[in-house]
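Notes to accompany the following structure.
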Amino acid sequence: MSNPYLSIVIPIFNEEENIPVLWERLSRMLQESFATPERGWEVVFTDDGSRDRSLEMLKAIAAEEPRVSVVEFNRNYGQHSAIFGAFSIVAGEIIVTLDADLQNPPEEIPKLVAKMEEGFDVVGGWRQGRMDNDSLFRTLPSKIVNAVTRKTTGVKLNDYGCMLRAYRREIVDAMLQCKERSSFIPALANSFAKRIAEVPVGHAERAAGESKYGLWKLINLQFDLLTSFSLLPLQMLSVIGVLIAILGFVLFLGLVAYRFLHPEGTAQGVFTLFAILFFFVGCQFVAFGLLGEYIGRIYQEVRDRPRFVVKRIHKQL
C-alpha cells in the first residue's frame, strides 16, 4: 500500500468521554475531504498512559479501520512526548496534530491542508472566540506564553498554544532528530521551517472531561520555552546584575553623604541598609533559580534517558 498523503496525530490521556464523538466527526471529515486514492490518509493515536477506557476504545477503532494505528506508552509522559511517539511512525506527506478535547474542530483540518498546499512548511491554527469559551485563567497564561515564544523564537505568530497545526514531512523528520527531553513542538518546528503561515480556526468549550494543563504544567511549559530556545534569561541576569551594582554604588555614596550630613540619623540608615540588603538577596535567589533551571535541564539531557517508551503499537496487519 502506498504512503498516505495526510497523517493525523492525536495524543490521548483519559479521554474516554470524547473519543466516540471525536472519531465520528473525524472519520466523517476524512471521508468527505480525503477519499480519493491520491489523497489517502491515516490516523495515529498515542495513548499516553491513560487510566480509563481510552486505550480499549482506541484499539477497537484500530481493529475496524486499517488506516488507524495506536501507539501505546507504558506510562504517562506528557502531550509533546505523545506527539513525538506518533511522529516516529507516521508516513504522510502532511502531518496534522489535533487535540482530543474537540475544542478545535476536526472539520478545520482541510483548511490547514489547503494552506499547506500553497507551499508552506508549517501552518498553525489561530483560535477564534477564545474569550467567549475560556476563562481568564486559561487565556491570560496563553497570552504570556505567546508573547514569550514570539520573543524567543523571533517568529511572530498569534497563537502558539493551538495544537491544531500542520507540518511537512521534512519538518517532522528534522524534529525527530532532536533528542532533547524538553521540547515545545510549535516553536521547535518553526526553527526548521522556511515558510510559516497561520489560519483562523474555530474554538469551542471542551466537549467533556477536564483540561490536562493545570497551573503547574503551564508554568513548566513557560520554563521549557525560556530555557530550551533562548539564552535571554541568562543575558537578562547579566544586565540586571550590572544595573543593581550601579544602583548599589549610588546608594552607598548617598548613605555616606547622609551619614556625614545627619549624624543623628544613623539608626534610619541601618534600616535602609537592611531594605537594600533584602532587595539584593531577593534578586540573587531569582538568579539562582534561573541558573538552576538551566543546570537541571542539562542534567536531564546528559543522562540520555529515552523521551518515552512504546509498549506496543496496535494496528491491523
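Per-structure values
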{"quantity": "Filter pass, E24 being surrounded by fewer than 19 Cβ atoms within 10 Å (Cβ to Cβ), closer than 18 Å to N76 by Cα and at pLDDT 95 or above", "calculated": "no"}
{"quantity": "Qualifying strands (runs of 3 or more DSSP E) (wholly inside the range 1-115; at least 3 residues being aliphatic (A, V, I, L, M) and under 17 Å from M163 (Cα atoms))", "calculated": "6-12, 94-97"}
{"quantity": "Number of positions in the range 67-112 that are out of contact with any Asp or Glu (no Cβ under 7 Å at 6 or more places or on another chain), closer than 16 Å to S54 by Cα and surrounded by fewer than 19 Cβ atoms within 10 Å (Cβ to Cβ)", "calculated": "2"}
{"quantity": "Residue check, L58 in contact (Cβ under 8 Å) with a residue 60 or more places away in the chain, farther than 22 Å from P186 by Cβ and hydrophobic (A, V, I, L, M, F, W, C)", "calculated": "yes"}
{"quantity": "Selection from the range 77-108 of residues that are aliphatic (A, V, I, L, M) and under 19 Å from L58 (Cβ atoms)", "calculated": "A82, I83, A86, I89, V90, A91, I95, V96, L98, A100, L102"}
{"quantity": "Any hit, the range 125-132, residues being more than 20 Å from the chain's Cα centre (by Cα), at pLDDT 95 or above and of a type in the set (D, E, K, R)", "calculated": "no"}
{"quantity": "Pick from the range 50-66, criterion within 27 Å of the chain's Cα centre (by Cα) and buried (at least 19 other Cβ atoms within 10 Å of the Cβ), ranking: nearest to E15 (Cα to Cα)", "calculated": "S54"}
{"quantity": "Subset of the range 108-127 [over 18 Å from D159 (Cβ atoms) and small (G, A, S)]", "calculated": "A114, G119"}
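Conditions (1) at pLDDT 75 or above; (2) surrounded by 15 or more Cβ atoms within 10 Å (Cβ to Cβ), marked per residue:
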{"position": "F229", "(1), (2)": "no, yes"}
{"position": "P233", "(1), (2)": "no, yes"}
{"position": "L237", "(1), (2)": "no, yes"}
{"position": "I246", "(1), (2)": "yes, no"}
{"position": "H262", "(1), (2)": "no, no"}
{"position": "T266", "(1), (2)": "no, no"}
{"position": "P306", "(1), (2)": "yes, no"}
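The values are calculated or read from the model by the stated rules, or taken from the named source; none is laboratory data. Owing to the predicted nature of the structure, the values given are computational and were not obtained by experimental measurement. FYI the Cβ positions are ideal-geometry reconstructions off the backbone, even for glycines, and counts take in every protein chain you see.
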